[in-house]
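Below is one structure, written out as C-alpha cells; comments come after it.
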Amino acid sequence: MNNSVTNTARLLGAALRALLVLTLVTGVIYPLVVTGIAQGLFTDKANGSEIEVDGKVVGSSLIGQSYNLPLKKGQETPDADLKWFQGRPANGLGANSINTQYKLLLSGATNLSADNKDLIKQVEDAKAAVVKDNSVSGHTVRPSGVPADAVTSSASGLDPDISPAYAELQAHRVAAKNGLSAAQVEKLVKDHTEGRTLGFIGEPRVNVLELNIALKDLTAKH
C-alpha cells in the first residue's frame, strides 16, 4: 500500500516537472528565440509588412484595401473612388455577425462553381463596370481587353496585388481624374511592376497600395 502511494507520488512529481520544463522550453524560450530571430533578420515581415507614409502606418503590403467614396444617404454599397487604382473584387468577404462590437470582415472565397448563375452575374456586372469606368475621352476599353483579375476575387478576398494588364487598363482613367498625362501614369505602373518571385514563381504583379502611394506623391508634385 505504501509502495503504491509512493510510486504514484513519484510519477506525479515527475509528470509535473516534465510539464513545467516543457512549458518553459516550448512556451517561453522557443517563442522568444524565434521572435528574436524574426525581429533581427526579418523585421519588416515579422511586424506585418507595414507601409508607412510620413511616419504613419497606412496599411500592409500583404492585405488589399478598398478605395471608395463615402457612403451616400440610402446607399448600402459605396461607389469606387475612381481617382485611385482599384484592386480586385472582394466578393468572398463576409460581414462579422458574431462579435458586433467591432467592424470585422471575414476573409474567404465565394466558393461558387464556374457555372453558378450568381458568379456569372458578378463577373458580367464587374466587366461592364470596368469597361464603363475606364473608358474616358480618347480611350475606350473593350470587354475583350478586361483581364480576369479585374472581375474575379481571390481565394482570400484580400489580394493586395493586381496584374500589370489591369493596372495599365486603369492608367488612362486615373490620369484623367488626376490631371496627369497617360504617359506619366503608365510609367508609374511600369516602375511598380514586380516580376515573378525568383524569376519563375507566380506571375508579374503590381501592389495597389504602393502604386496609389506613388500616385499621391506624383499628383502632389504636379
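Every read-out reported here was derived from the displayed coordinates using simple, explicitly stated rules and does not represent laboratory data. In this text the structure is predicted, and so the values were computed from the model without any measurement. Here Cβ is always computed from backbone atoms with ideal geometry, including for glycine, and neighbour counts include all displayed protein chains.
For each pair in Lys72/Lys127; Lys127/Lys187; Lys72/Lys187; Lys83/Lys117; Lys177/Lys221, compute the distance between the two Cα atoms and list the pairs where it is over 27 Å.
The pairs that break the limit, which is 27 Å between Cα atoms, are Lys72/Lys187; Lys83/Lys117.
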Given a cut-off of under 8 Å on Cα pairs at least six residues apart, what relative contact order in percent is computed for the chain?
18 percent
Once you place label points 7 Å from the Cα toward the Cβ at Leu22 and Glu194, how far apart are they in nm?
3.9 nm
Expected 222 nm ellipticity per residue - DSSP helices of 4 or more, -39500 (n - 2.57), all of the chain, to 500
-14000 deg cm²/dmol
Run through the range 184-222 and list the trypsin sites (Lys or Arg not before Pro) located in a DSSP loop whose Cβ has at most 12 other Cβ atoms within 10 Å.
Arg196
What is the angle, in °, between the Cα long axis of helix 164-178 and the longest principal axis of the Cα atoms in the chain? Nearest 10 is fine, range 0 to 90.
60 degrees
